[in-house]
Amino acid sequence: MTCNTRVSAAEIAGALARGETSSVEVTRAHLHNIERHDGAVHAYLHVDAEGALAQAAAADERRANGAPASALDGVPIAVKDVLATSGLPTTCGSKILQGWVPPYDATVVARLKRAGLPILGKTNMDEFAMGSSTEHSAYGPTRNPWDLDRIPGGSGGGSAAAVASFQAPLALGTDTGGSIRQPGAVTGTVGMKPTYGGVSRYGLVAMANSLDQVGPVSRTVLDAALLHEVIGGHDPLDSTSIDQPVGKLADAARRGAEGDLSGVRVGVITELSGEGYQAGVLARFQESLDLLVEAGAEVVEVSCPSFVHALAAYYLVMPAEASSNLAKFDAMRYGLRVLPEGVENPSAEEVMRATRDAGFGDEVKRRIILGTYALSSGYYDAFYGQAQKVRTLIGRDFAAAFETADVLVSPTAPTTAFKLGEKLDDPIAMYLNDLATIPANLAGVPGISIPSGLADEDGLPAGFQVLAPALADDRCYRVGAALEAALERKWGGPLLDKAPGLDPSTGSGQVKLDQRNGDAR
């Protein structure tokens, strides 16, 4: 292997360890893919070629001296633009932070650097992570590499699309209501939301503090586990960080890939299937269940009745926290400042109003208004307080379900990727894309999305979600890897090898992307 960008991060790391390639060569190959294809996909908001190559050269020097910084030393990575990066812009997909360069690194970014992963750049996202399609970025939408007329999921569609189009072997995302898992489902990638508090949130520009969680985006379960081990663990800078070791997650993935799930009880959540779910998504879900049974797992049905209220509760809790978090963008300290037209000596309030009106997009404004209303005097108990009570009930449902099953499963998203613009004028329809992923965020439990195959109706990827109790992230990796191995045996290789237009002879590349290059933004 020299610079094949189609292989997994673990395979790249193995080739680096054996001296079969160099980090500079691998990084340059991915930068070439970005240059060649990102005009069509628009996965990146900022590419740091010079910095990535310098970090890659340092990784090669460490290996030459027999002292690699980690198992992934020299494997390049992309970072969602909601994570602070010293020396690189962090815009959160918003005009209000256009050009802002943080003076520090988020803890997870600092851990990437210490582990020796060259950072290719920052990926596109819905503004302040508010959206399910990456159409709400102030810098234009990202497109799904499987079909450039469709969405790549959201809010982290840029990270998922970068991995799916072989513009990065790994990426970091954030998951507030499904923003790692849902893009994973619709792009045929693996997305993991760790236990809340299991990965530091320091340096993550918060949308909803009690829901946000950083996690890995990858093409294989093992790759996600290896990256999780790099970024996970206690952080004294984060008051919500759990003081627990991250655990041997890669070992759990390797054990799962052996294909033996004897004694594992898999609970099918009855409330997260059926009406509203695309037939092809349900068909791939059932096939995946059958493969788990063949691997020795026992499948049982579990009921979580409060899950039917999860969407409504989430869209009160999340906007309430978001409206509070976004109050700091006041045009006084950093970011955009707009002076009101026709006002000779504007007051601070007038400048703030003009700046927030120009700097925030429609979806962000919608959620700020909703959240402020939910927290207002006379409505707090009726809305926000009630939503928090539902959140407690959802946590109890999870606890009861995990007494019956070791893991819980469902389709990751109700449908495959929809067309760009199809749901922009219907916020409720857009919000329904997170129907199956939101309960895990409200309860703080870990969840992973695994590609489950292609839906019959449109030939687009569907996802299979595995949920585990808090701090039992290893179960997600074990069951996910077992399913992944079984599916790849069935397909004859990874799902992404079946993406239309992929050209194996180039090591990455898509004929379809070349045809659209330059006009996708």
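Does ARG367 qualify as being modelled with pLDDT of 95 or more, among the basic types (Lys, Arg), closer than 30 Å to SER452 by Cβ and out of contact with any Asp or Glu (no Cβ under 6 Å at 6 or more places or on another chain)? Judged against the criteria, ARG367 is not a match.
Within segment 295-320, restricting attention to residues that are in contact with a helix residue (DSSP H, G or I) (Cβ under 7 Å, 6 or more places away or on another chain) and not hydrophobic (A, V, I, L, M, F, W, C), which residue is surrounded by the fewest Cβ atoms within 10 Å (Cβ to Cβ)? Explain how you work it out, then say what you get.
We begin by selecting, within segment 295-320, every residue in contact with a helix residue (DSSP H, G or I) (Cβ under 7 Å, 6 or more places away or on another chain); these are 295, 299-311, 313-317, 319-320.
Pick out the ones that are also not hydrophobic (A, V, I, L, M, F, W, C) and you get 301, 303, 305-306, 309, 314-315, 319.
Details: GLU301: 10, SER303: 14, PRO305: 12, SER306: 21, HIS309: 19, TYR314: 27, TYR315: 21, PRO319: 25.
Per the stated criteria, the residue is GLU301.
Could you look through segment 320-369, keep only residues that are assigned to a loop (DSSP other than H, G, I, E, B) and among the charged types (D, E, K, R), and pick out the one that is nearest to PRO103 (Cα to Cα)? Taking the candidates together, the pick is ARG333. Residue count for segment 370-415 satisfying the condition of being under 24 Å from the mean Cα position of the chain (by Cα) and either over 25 Å from VAL300 (Cβ atoms) or assigned to a helix (DSSP H, G or I) (or both): 6. Cβ-Cβ contacts under 9 Å between residues 6 or more apart (or on different chains), taken from a first residue in segment 320-334 that is without any contact (Cβ under 8 Å) to a residue 12 or more places away in the chain to a second residue that is buried (at least 16 other Cβ atoms within 10 Å of the Cβ), are listed as ALA327/ILE368. Every residue in segment 147-195 that is out of contact with any Pro (no Cβ under 8 Å at 6 or more places or on another chain) and surrounded by fewer than 24 Cβ atoms within 10 Å (Cβ to Cβ), please. Listed by number, the residues that qualify are LEU148, ASP149, ARG150. Among the conditions (1) hydroxyl-bearing (Ser, Thr, Tyr); (2) modelled with pLDDT under 95; (3) in a loop (DSSP other than H, G, I, E, B), the only one that TYR431 does not satisfy is (3). Residue pairs whose Cβ atoms lie under 8 Å apart, separated by 6 or more positions or on different chains, with the first residue in segment 215-234 and assigned to a helix (DSSP H, G or I) and the second of a type in the set (Lys, Arg), are LEU222/ARG254; GLU229/LYS248; VAL230/ARG111; ILE231/ARG111. Of all the residues in segment 460-495, those that are outside any helix (DSSP H, G or I) and in contact with a Ser or Thr (Cβ under 9 Å, 6 or more places away or on another chain) number 14. The set of residues in segment 259-290 being free of Cβ contacts under 8 Å to residues at least 40 places away in the same chain and surrounded by fewer than 17 Cβ atoms within 10 Å (Cβ to Cβ) consists of SER262, GLY263, THR270, GLY274, GLU275, GLN286, ASP290. Inspection of segment 68-90 identifies no residue that is at negative phi, of a type in the set (Ser, Thr, Tyr) and outside any loop (DSSP other than H, G, I, E, B).
If I filter segment 197-213 for residues that are under 21 Å from the mean Cα position of the chain (by Cα), assigned to a strand (DSSP E or B), touching a residue at least 60 places away in the same chain (Cβ under 8 Å) and surrounded by 17 or more Cβ atoms within 10 Å (Cβ to Cβ), do I get at least one hit? Within segment 197-213, one or more residues are under 21 Å from the mean Cα position of the chain (by Cα), assigned to a strand (DSSP E or B), touching a residue at least 60 places away in the same chain (Cβ under 8 Å) and surrounded by 17 or more Cβ atoms within 10 Å (Cβ to Cβ).
Conditions tested, residue by residue: (1) over 23 Å from the mean Cα position of the chain (by Cα); (2) part of a helix (DSSP H, G or I); (3) small (Gly, Ala, Ser).
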residue	(1), (2), (3)
GLN286	yes, yes, no
ASP290	yes, yes, no
VAL300	yes, no, no
PHE307	no, yes, no
ALA310	no, yes, yes
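Restricting attention to segment 365-416 and to residues that are surrounded by fewer than 19 Cβ atoms within 10 Å (Cβ to Cβ) and of a type in the set (Gly, Ala, Ser), the residue that is nearest to THR355 (Cα to Cα) turns out to be SER376.
Here's the yes/no breakdown for (1) touching a helix residue (DSSP H, G or I) at 6+ places or on another chain (Cβ under 9 Å); (2) closer than 26 Å to MET207 by Cβ; (3) touching a residue at least 24 places away in the same chain (Cβ under 8 Å):
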site: ALA429; (1), (2), (3): no, yes, no
site: LEU467; (1), (2), (3): yes, yes, yes
site: CYS476; (1), (2), (3): yes, yes, yes
site: LEU483; (1), (2), (3): yes, no, yes
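Any residue in segment 466-482 that is buried (at least 21 other Cβ atoms within 10 Å of the Cβ), closer than 20 Å to ALA279 by Cα and either among the aliphatic types (A, V, I, L, M) or under 22 Å from the mean Cα position of the chain (by Cα) (or both)? Taking every residue of segment 466-482 in turn, at least one turns out to be buried (at least 21 other Cβ atoms within 10 Å of the Cβ), closer than 20 Å to ALA279 by Cα and either among the aliphatic types (A, V, I, L, M) or under 22 Å from the mean Cα position of the chain (by Cα) (or both).
Mind checking which residues of segment 110-132 are assigned to a helix (DSSP H, G or I) and either more than 17 Å from the chain's Cα centre (by Cα) or under 28 Å from ARG367 (Cα atoms) (or both)? Explain how you work it out, then say what you get.
Looking only at segment 110-132, we keep the residues that are assigned to a helix (DSSP H, G or I), and these are 110-115, 127-129.
Of everything in segment 110-132, those that are assigned to a helix (DSSP H, G or I) and either more than 17 Å from the chain's Cα centre (by Cα) or under 28 Å from ARG367 (Cα atoms) (or both) turn out to be ALA110, ARG111, LYS113, ARG114, ALA115, GLU127, PHE128, ALA129.
Against the definition (touching a Gly at 6+ places or on another chain (Cβ under 7 Å), over 19 Å from HIS228 (Cα atoms) and not in a helix (DSSP H, G or I)), how does PRO500 come out, yes or no?
On the way: touching a Gly at 6+ places or on another chain (Cβ under 7 Å): no; over 19 Å from HIS228 (Cα atoms): yes; not in a helix (DSSP H, G or I): yes.
So PRO500 fails the test.
Checking the structure you have, find out if any residue of segment 434-447 is buried (at least 24 other Cβ atoms within 10 Å of the Cβ), under 19 Å from GLU271 (Cβ atoms) and charged (D, E, K, R). Yes, the conditions are met somewhere in segment 434-447.
If I ask for residues that are touching a helix residue (DSSP H, G or I) at 6+ places or on another chain (Cβ under 7 Å) and of a type in the set (Asp, Glu), which ones from segment 177-231 would you list? Those that are touching a helix residue (DSSP H, G or I) at 6+ places or on another chain (Cβ under 7 Å) and of a type in the set (Asp, Glu): ASP223, GLU229.
The values are calculated or read from the model by the stated rules, or taken from the named source; none is laboratory data. Note that the coordinates shown come from a computational prediction; the quantities given were computed from them, not determined experimentally. With ideal geometry, Cβ positions are generated from the backbone for all residues, glycine too; neighbour counts draw on all protein chains shown.
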